[in-house]
1. By how many degrees, between 0 and 90 and to the nearest 10, does the Cα long axis of helix A:229-264 differ from the longest principal axis of chain A?
2. Cut-off is 10 Å between beta-carbons; in what order do A:151, A:156 appear when sorted fewest neighbours first?
3. Ignoring everything except DSSP H segments at least 4 long, calculate the 222 nm mean residue ellipticity for chain A; use -39,500 (n - 2.57) per segment, divide by total residues, nearest 500.
4. Tilt of helix A:92-101 relative to the longest C-alpha principal axis of chain A, in degrees (0 to 90, nearest 10)?
5. Using a 10 Å cut-off around each Cβ of peptide A:2-11, what is the average number of partner chain Cβ atoms that fall inside?
6. Determine the principal axes of the Cα atoms in the range A:86-146, then give the extent along each, sorted from largest to smallest and rounded to whole angstroms.
7. State the Cα centre-to-centre distance between the range A:114-161 and the range B:148-169 in whole Å.
8. What percentages, rounded to whole numbers, describe P(r) for the range A:151-265 computed over all alpha carbon pairs with 5 Å bin width beginning at zero?
């Protein structure tokens, strides 16, 4: 039994290990010794990848998009989930259905009109626009998740706040949001990983020179670094490590979110 | 005040305007950046195009769909999506089922294994694609030759490359489904297993007669979700082979994206109408799969 578990762990991890080891080898050494430990640890590969791959620029752009789009995603989905989950109003059912329609939409069907629209209204090549698009595309799931969470908050808490003279915003901000923190953390981890790794929308909405890390890496790795195995691998390692560390630190929340997705099934 | 009574249950502190202010920041971008472009794809696929401008007054009928269905690359794309579904259902799901079963029932370090298996899901697809491209071009043949087999051109040989570009997708999915299936299996009562074991059931029989029936709804949903995922797979094809050689490894989406990027870089004419028809068909296929799922759920009374 354990043999099977370990076997799949090896199949999962070995490709990463192979790339990691290659990232410390000179190209000539790689050809002689593709599988062993490097005889000479060549850290220079990382410098080459970092400088020639414009990693700094792409990383800054990615960090910007991750932060801004996560903030947007949380704000937009929490406010609307608050409205649909805590109030009983006429159009509630209609709006709820309207948001759930989004579950049917995949990212590919809207790519081309979105690209044309973004260019036409003059926000092509803008990290803000890309962030808003990410926040919007994640909206149906985020609203669904937030609303399910907020439904469980007892009414007495907000009634007490209203007695003390709180308005809607105050109830939202100082009663509902603090209690919804676990949902915020789970959705944030998902959105950060999504915004860090998303490729095709960034490819279409930004110029190559101003793009995010995945698009930058795709351009560099297929282009000038294709034959320099060490630097190529170093580039992949550098760009994967932040996502891996982030996941390992917050895996509890990721698993919780995926599991909630499973229960939804 | 009347307005308020009309809209809201009596005595509630919300006002219609307040509620609208909470909804609009999300509904506006949602409408214009998500739903509207989706509908536009369908419109774009049936109108005439003047260069890059759609002529909404000139209905072009289903001409573009005619071109699409006569395009061999469309059928290649569909075949590669079908290969992905096969791998997903015959490889990803069984492996994930077996791993999830062993982890739920027997393993001590279940959390550690689960973390390892999930890792590929969090690493950006771009990095995985280049990792596998590198492995298929540089790492596998030395091993084959060392054990006396002959090298295979994994990324260029017709009949092989269609599978080597789909395999990373199937590999990546295992960890995700392990997490999902473990969540489902956690709620299977221990007594059911114990009762079956008293009747002398072995592990395989336990899976077949206890685990599977208990999570049947989830299992079917998972398989259908894998199908719809297979229809959207593209990143490995795009970045490992660029759809080549001779467009043999395109999927529906990688073919679509190849049209869109040609438009953003070079001066070459883009067939916007054609690309829209392709997107519309891809969407309709996924929606059909989703519809089947909803229908099945309604029938079995799940959810």
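Any read-out appearing in this document is the output of simple, stated calculations on the displayed coordinates, not a laboratory observation. Being a predicted model, the structure only gives us computed values, none of them experimental. Using ideal geometry, Cβ is built from the backbone for each residue, glycine included, and neighbour counts are taken over all protein chains shown.
1. So the inclination is approximately 30 degrees.
2. Working: A:151 11, A:156 8.
In increasing order of surrounding Cβ atoms, one gets A:156, A:151.
3. Values: 14 runs with 194 residues, N = 265.
Helix contribution divided over all residues of chain A: -23500 deg cm²/dmol.
4. 20
5. On the way: counts 6, 0, 4, 12, 2, 1, 12, 7, 1, 4.
Whole-number average of other-chain Cβ neighbours for A:2-11 is 5.
6. Extents along the principal axes: 40, 22, 20 Å.
7. 41
8. Once binned at 5 Å, the Cα pair distances of the range A:151-265 give 2, 9, 14, 13, 12, 12, 11, 9, 6, 5, 3, 2, 1, 0.
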